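Reading through the structure tokens given below for one structure.
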Amino acid sequence: GENVEQHPSTLSVQEGDSAVIKCTYSDSASNYFPWYKQELGKGPQLIIDIRSNVGEKKDQRIAVTLNKTAKHFSLHITETQPEDSAVYFCPRTTGTYKYIFGTGTRLKVLA
Amino acid sequence: GAVVSQHPSRVICKSGTSVKIECRSLDFQATTMFWYRQFPKQSLMLMATSNEGSKATYEQGVEKDKFLINHASLTLSTLTVTSAHPEDSSFYICSARVDGQTQYFGPGTRLLVL
């Protein structure tokens, strides 16, 4: 099936720096792009999402940008804090409402 | 809003026994619930899609007789791991959908089969 590629697979940043994670998709019919954060031993938590009719969305330190032409969307975290350390996922959304998860990005914020 | 709970949070059982995991949407009625499993440091793998009052739809390779799903109401779905074996040890996570495509996930249930 068509997948979502996520980069990088691991990312280490210094506290206070910004982190950017990029997802590339191949299905031009995709119209919903969520980002989830999963902390160790917990379920994924929706942190931000965007729909195909919007180019950018921001919520405090978190933003998501969508480039429909290039078929990629990115998660931006500014002023990173140690509690931002987690695995971040951008699951592929399907017409049957199922999510297909990729391998995720492991973010480590160094204090 | 959109809170999903799971019970138990962790369970240890002997090989050959069955284990039931509950997934509840606490403040909304879920059109659809999903069950995933996750091995350490790996991604979430969708096991099945569950709609209230109908049979679950299982993903390829998932044994429906092994993983029984009952979706009794719009706020409750249960996953029963029958005749559990050590290889069934995993982190089981459910999610719920109201409308649209957004899924809200539960906190997960860690199963250890001895």
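The values are calculated or read from the model by the stated rules, or taken from the named source; none is laboratory data. All figures in this text were calculated on a predicted structure; none of them were measured in a lab. All Cβ positions, even for glycine, are placed from backbone atoms using ideal geometry, and neighbour counts span all protein chains on display. Calculation scope for accessible area: heavy atoms of the full protein, side chains included, ligands and nucleic acids excluded. Shrake-Rupley method; radii C 1.70, N 1.55, O 1.52, S 1.80 Å.
Summing Cβ point charges (Lys, Arg +1; Asp, Glu -1) relative to the Cα centre of the protein assembly as shown gives a dipole of roughly 240 debye. Normalised size of the protein assembly as shown, defined as Cα radius of gyration per 2.2 N^0.38 Å with N residues, equals 1.03. Given chain A, report the % of alpha carbon pairs whose separation exceeds 16 Å. Within chain A, distances greater than 16 Å cover 56 percent of Cα pairs.
For a 4.7 Å threshold on C-beta separation, the list of partnerless cysteines in the protein assembly as shown reads B:C13.
Taking trypsin sites (Lys or Arg not before Pro) across segment B:39-73, the ones in a DSSP loop with at most 13 further Cβ atoms lying within 10 angstrom of their Cβ are B:K41, B:K55, B:K64.
For chain B, the solvent-accessible area works out to 49 Å² per residue, with a probe of 1.4 Å and every protein chain left in place. When the pairs B:K20/B:K64; B:K14/B:K66; A:K42/B:K41; B:K20/B:K66; A:K71/A:K108; A:K98/B:K55 are compared against a 19 Å limit on Cα-Cα distance, A:K71/A:K108 fall above it.
Straight-distance candidates among the lysines for linking to A:K68, with alpha-carbon spacing under 19 Å and chain neighbours fewer than 8 residues away dropped: A:K22, A:K57, A:K58. When you filter the GluC sites (Glu not before Pro) in segment A:1-78 for DSSP loop state and at most 13 other Cβ atoms inside 10 Å of their Cβ, you are left with A:E2, A:E15, A:E39. The residues neighbouring B:Q6, those whose beta-carbon lies less than 12 Å from its own, together hold a net charge of +4 under the Lys/Arg +1, Asp/Glu -1 convention.
Within the assembled protein chains, the solvent-accessible surface assigned to B:I69 is about 30 Å², based on a 1.4 Å probe.
Dividing the alpha-carbon radius of gyration of chain B by the rule-of-thumb value 2.2 N^0.38 Å gives 0.99.
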